[in-house]
Amino acid sequence: MLTSTYIHVPGVSWKTERALWSQGAWTWYDFLADPRRYRTRTIGAQRLEKALAQSLCKLEKGEHQYFRKSLPPREAWRAFPEFRDRLIYLDIETTGSRFADVTVVGAWDGAQYHAFVKDENLFEFPDFLSRHSVVVTFFGAGFDLPVLRKRFPTAVFDQIHIDLCPVLRRIGLRGGLKSIERAVGIERSERTRGLTGYDAVRLWRAAAEGSREAMDTLLEYNREDVRNLEPLMEHAYTVLRRTSLDAAASEGVSR
């Protein structure tokens with residue numbers, strides 16, 4: 001969907017983007033093949049041609065920072081497939097106090113779960129983060145990322161951030177992560193079913209006192225948190241892409 005996106009270009013409005021789609025410029029490649037064919041309304045064809053050529057260059061080089069700055073935050077989901085090989089699903093656990101400290105940072109990269117635990121290997125997280133281009137969270141803009149920035153003030157947080165909480169609301173899925181999982185048929189393990197963030201705090205306290213079982217349960221809970229974000233991201237992307245482009249197709253040229 002990123003290569004079908006025009007709104008990241010200064011001067012291109014939502015209306016202009018949709019008009020380009022309806023004229024048959026479904027991708028940057030379509031437009032660049034014959035720029036003069038399309039009416040661009042709020043921006044000149046030559047200027048748009050130059051901007052799209054630059055966008056292609058940035059994408060080919062994997063420069064996610066360019067798209068992080070140019071994409072409207074609510075449209076960050078569009079970068080999902082293009083940067084999927086350098087994407088992580090992320091969730092944190094904390095001590096739960098007013099001045100909460102991070103106890104676990106969990107990340108799923110599509111193939112492997114990575115856990116960074118307080119007093120063990122939490123210090124390795126910034127380096128791990130720096131090797132990725134996209135971070136997917138659930139309510140991360142309001143919680144996870146602010147907490148992590150405070151905990152790791154020198155870490156580089158220049159990734160594209162896709163917060164699934166508002167993204168899922170756009171397709172009618174509201175509520176907390178666990179309720180949304182149930183709504184789409186995602187099941188938790190028997191060991192973690194029914195656990196909440198409050199239980200994660202309790203489990204950490206027990207683990208800090210030496211309970212290996214509590215630590216194992218906490219990590220399993222966190223692992224499911226991040227792994228379950230992947231099918232939700234896939235579902236949201238599929239629905240939003242279809243609804244965005246189908247609406248334009250109904251007004252003009254078929255895809």
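We did not get these values from a lab; they are worked out from the coordinates using the rules stated. This one's a predicted model, so the numbers in the text were calculated from it and none came from an experiment. Don't worry about glycine lacking a Cβ; one is built from the backbone with ideal geometry, like all the others, and counts go over all protein chains shown.
Classify the range 1-61 as rounded, prolate or oblate from the Cα gyration tensor: take a ≥ b ≥ c as the square roots of its eigenvalues, call it rounded if a/c is under 1.5, otherwise prolate when a/b beats b/c and oblate if not.
Taking the square roots of the gyration eigenvalues as a ≥ b ≥ c, the range 1-61 is rounded.
Estimate the FRET efficiency between residue 39 and residue 238 by the formula 1/(1 + (r/R0)^6), using the beta-carbon distance for r and 25 Å for R0, to the nearest 0.05.
Rounded to the nearest 0.05, the efficiency is 0.25.
How much length is gained on full extension from residue 170 to residue 57, taking 0.36 nm per residue of separation minus their Cα-Cα distance?
Extra length from residue 170 to residue 57 when fully extended: 37.6 nm.
Which residues does a label at residue 130 reach in the range 43-73, if reach means a backbone N under 19 Å from a point 7 Å past the Cα toward the Cβ?
62-66
How do the peptides 126-135, 157-166 rank, highest first, by the average count of neighbouring beta carbon atoms within 10 Å per residue?
157-166, 126-135
Rounded, prolate or oblate, given the Cα gyration tensor of the range 67-123, with a/c below 1.5 counting as rounded?
oblate
At 7 Å along the Cα-to-beta-carbon direction for both residue 208 and residue 247, put a label point, then send me their distance in nm to one decimal.
For residue 208 paired with residue 247, the spin-label model returns 4.8 nm.
Please give, to one decimal in nm, the separation of the simple spin-label points placed at residue 184 and residue 156, each 7 Å out from Cα toward the Cβ.
3.1
Using a Förster distance of 51 angstrom, determine the FRET efficiency expected from the C-beta separation of residue 119 and residue 47, and round it to 0.05.
Working from the Cβ atoms, E equals 0.40.
Per-residue counts of other Cβ atoms within 10 Å, averaged by peptide: what ranking do you get for 216-225, 233-242, highest first?
Top to bottom by mean Cβ count within 10 Å: 216-225, 233-242.
Can you list the lysines whose alpha carbon is less than 18 Å from that of residue 150, not counting same-chain residues fewer than 8 positions off?
118
Less than 20 Å apart at the alpha-carbon level, and either on another chain or at least 8 residues along: which lysines does that give for residue 58?
Cα-Cα hits under 20 Å: 50, 69.
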